[in-house]
Amino acid sequence: MNTFRTLHRSILVLFAVVVIAIVTLVHFSISKIVAEQSRAQQQSLSPAISLIVEQLLKPLHISEALGHSTELVDLMSSEDIDSEAVFNTLDRLESEFGLSFFIATESDRKQYNSDRTIINLVEGEVSWYFKFKDYPADAVADIGKWEDTHFYIDIKIHDDNGEFLGFFGVGKSLRSFIEVFDTYKQKYGYDFLFVDGNGDIMLSSDASLIASYSEFTNLSELPWYASLPATVQDQQALNNKLVTINQKDFLIAEVKLNQFGWTVFLLSPLEERQAEISQAFIFSIVTLLVVVFSLFLLIYNLLYYFRKDMQPELIVRQTNQLPDKENLQLIYKSLLSEHKSLSVMLISIDDISDIVDTHGRNAGDDVLDKVVTYLTERLRDKDVLGRWSSEEFIVLLPNTGPHVAFDIAQNLRHGIATLTPLADHPETPVTASIGISFTASSRAMLEVTAHAEDALYQAKRDGSNVVRMQLID
């Protein structure tokens, strides 16, 4: 018995020594890795900041300084814009600063470029001018001119009385950014990502991520970003995060560009020797931890199920890719201006709340995605599908009379009712109620949708899975 007790105590002491040794090893190893990562980060930040200042902040400061010149205000405040004088000024500025400038005037609604081209600023055809005109900020960064994609800095110009005169700014071809980024990548080995507040990538050292014809790549579409924890993605808190891209380790550093509302993510590759040491260290620690923490299988299982439950949050839902109410307002005005008449259709999924309560939120999202996929395939090319609320969709049907819209709605309602049920819930039917309204005059969108909502509520009162229409008197 004494021998057994001694052996038992020895095993406990040995176990304690092993645990202390592991903790000590982890502490010193992590300290060394953090020190190496901090050194690499400091070495990479200095040239990166120089690049940001030279390529972005310098053009911004030049535009802001020139925007206060009396020469520019005089040119833009004239009721009859002297195009030759404008071009001469732009030629001189381009020669002095080596940048491409432009002037967009409110008086004649034209954009004069330093290459002596003129663009008519017609609402519905040129969106940036009218979108940024009402922005509270005096300086806006934007991507445009899709046939030769450019980065623009737009500065609002006002006269002494505070009256808005138009925009003055600078444009740079994205090809020039790619060339500069490639030079830095060859020299320092790191990549850039310039990301706006919505997670859209505005500029990048990777040419495949550059925006093309108004289609932006979002951070959520990058595999390495999708592998990060949901809390990190929600906050876009990537500073000092270690990620693996194409089997290579990168350390991320953040630089805030508050002037544009952007964040610059600098992806610095770790040195090969450091990566090998880190991998060997991680492999050894994982092997030991698997043995030690095999006693805690219950906790592991709980974490496993928790992670599994969180996984659906990483899915990019189709419903999240639809235009929201704010964008729909602009689309509505554009369509009504172009086609003079349109029908509005509000579609509500019947009993979606009961589906969520019974089967969970993921099942409800699956139903919404299934309906969005169906509507996208069945609607005409000129029709616009958008998200109206958490349970409702809106369809704008330009140049479509109310009776034609009613027939379209009936076909859609029937098609939704005959969709194949969800694989995990075959007993759950999916139906929709639809309300329709129509306008052939310049009415506000909310006025037309209000009648469509009344029609939708009538459809609900009539038992759901029906189409109702309410026209404006």
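The values are calculated or read from the model by the stated rules, or taken from the named source; none is laboratory data. Since the model is a prediction, treat every value here as computed from it, not as a measurement. Virtual Cβ from ideal backbone geometry, glycine too; neighbours counted across all protein chains shown.
Limited to region 372-410, what total is found for residues that are under 23 Å from Asp351 (Cβ atoms) and of a type outside the set (Gly, Ala, Ser)?
Residues flagged as under 23 Å from Asp351 (Cβ atoms) and of a type outside the set (Gly, Ala, Ser) within region 372-410 amount to 15.
Which residue pairs have Cβ atoms closer than 7 Å, lie 6 or more positions apart in sequence or on different chains, and pair a first residue in region 380-407 that is without any contact (Cβ under 8 Å) to a residue 24 or more places away in the chain with a second residue that is of a type in the set (A, V, I, L, M, F, W, C) and loosely packed, with under 14 Cβ neighbours inside 10 Å?
Pairs that qualify, where the first residue is without any contact (Cβ under 8 Å) to a residue 24 or more places away in the chain and the partner is of a type in the set (A, V, I, L, M, F, W, C) and loosely packed, with under 14 Cβ neighbours inside 10 Å: there are none.
Here are some conditions: (1) surrounded by 10 or more Cβ atoms within 10 Å (Cβ to Cβ); (2) under 33 Å from the mean Cα position of the chain (by Cα); (3) modelled with pLDDT of 65 or more. Gly98 meets all but one. Which one does it not meet?
Gly98 satisfies all of (1) surrounded by 10 or more Cβ atoms within 10 Å (Cβ to Cβ); (2) under 33 Å from the mean Cα position of the chain (by Cα); (3) modelled with pLDDT of 65 or more except (1).
For region 388-406, what are the residues that are in a helix (DSSP H, G or I) and either in contact with a Pro (Cβ under 7 Å, 6 or more places away or on another chain) or surrounded by 13 or more Cβ atoms within 10 Å (Cβ to Cβ) (or both)? Spell out how you get there, then give the answer.
Just the residues of region 388-406 that are in a helix (DSSP H, G or I), to begin with: 402-406.
Pro402, Val404, Ala405, Phe406 - these are the residues of region 388-406 that are in a helix (DSSP H, G or I) and either in contact with a Pro (Cβ under 7 Å, 6 or more places away or on another chain) or surrounded by 13 or more Cβ atoms within 10 Å (Cβ to Cβ) (or both).
Within region 179-195, take every residue that is surrounded by fewer than 17 Cβ atoms within 10 Å (Cβ to Cβ) and either in contact with a Leu (Cβ under 9 Å, 6 or more places away or on another chain) or part of a loop (DSSP other than H, G, I, E, B) (or both) and give me the one that is modelled with the lowest pLDDT.
Filtering region 179-195 for residues that are surrounded by fewer than 17 Cβ atoms within 10 Å (Cβ to Cβ) and either in contact with a Leu (Cβ under 9 Å, 6 or more places away or on another chain) or part of a loop (DSSP other than H, G, I, E, B) (or both), the one modelled with the lowest pLDDT comes out as Gly189.
Between residues in region 438-451 that are outside the structural domain of Phe393 (by TED's automatic domain parsing) and residues that are of a type outside the set (Phe, Trp, Tyr) and loosely packed, with under 15 Cβ neighbours inside 10 Å, which pairs lie under 6 Å by C-beta distance while being six or more apart or on different chains?
none
Is it true that some residue in region 342-349 is touching a strand residue (DSSP E or B) at 6+ places or on another chain (Cβ under 7 Å) and in a helix (DSSP H, G or I)?
Of all residues in region 342-349, those touching a strand residue (DSSP E or B) at 6+ places or on another chain (Cβ under 7 Å) come to 342-349.
Checking which are in a helix (DSSP H, G or I) leaves us with none.
The answer is no, given that none of the residues of region 342-349 is touching a strand residue (DSSP E or B) at 6+ places or on another chain (Cβ under 7 Å) and in a helix (DSSP H, G or I).
From the residues in region 250-286 that are over 28 Å from Asp200 (Cβ atoms) and modelled with pLDDT of 65 or more, which one is farthest from the chain's Cα centre (by Cα)?
Ranking the candidates gives Ile285 first.
Quick one: what pairs do we get from region 235-250, first residue of a type in the set (S, T, N, Q), second outside any strand (DSSP E or B), C-beta under 7 Å, 6+ apart or different chains?
Partner pairs satisfying both residue conditions: Gln236/Gly199; Thr244/Trp224.
Give me the pairs: first residue in region 79-95 and free of Cβ contacts under 8 Å to residues at least 24 places away in the same chain and in the same structural domain as Val170 (by TED's automatic domain parsing), second residue surrounded by 13 or more Cβ atoms within 10 Å (Cβ to Cβ) and β-branched (Val, Ile, Thr), beta-carbon distance under 8 Å, and six or more apart or on different chains, which are they?
That search, which allows pairs on different chains as well, returns Thr89/Ile103.
Filter region 196-230 down to residues that are of a type outside the set (Val, Ile, Thr) and assigned to a strand (DSSP E or B) and give me whichever is modelled with the lowest pLDDT.
Filtering region 196-230 for residues that are of a type outside the set (Val, Ile, Thr) and assigned to a strand (DSSP E or B), the one modelled with the lowest pLDDT comes out as Ser212.
Can Leu385 be described as surrounded by fewer than 20 Cβ atoms within 10 Å (Cβ to Cβ), in a strand (DSSP E or B) and at pLDDT 90 or above? Talk me through it step by step, then tell me what you get.
Working: surrounded by fewer than 20 Cβ atoms within 10 Å (Cβ to Cβ): yes; in a strand (DSSP E or B): yes; at pLDDT 90 or above: yes.
Considered against the rule, which asks whether it is surrounded by fewer than 20 Cβ atoms within 10 Å (Cβ to Cβ), in a strand (DSSP E or B) and at pLDDT 90 or above, Leu385 comes out as yes.
For Ile118, all conditions in the list (1) buried (at least 17 other Cβ atoms within 10 Å of the Cβ); (2) touching a Lys or Arg at 6+ places or on another chain (Cβ under 8 Å); (3) farther than 30 Å from Val255 by Cα hold save one; what is the number of the exception?
(1)
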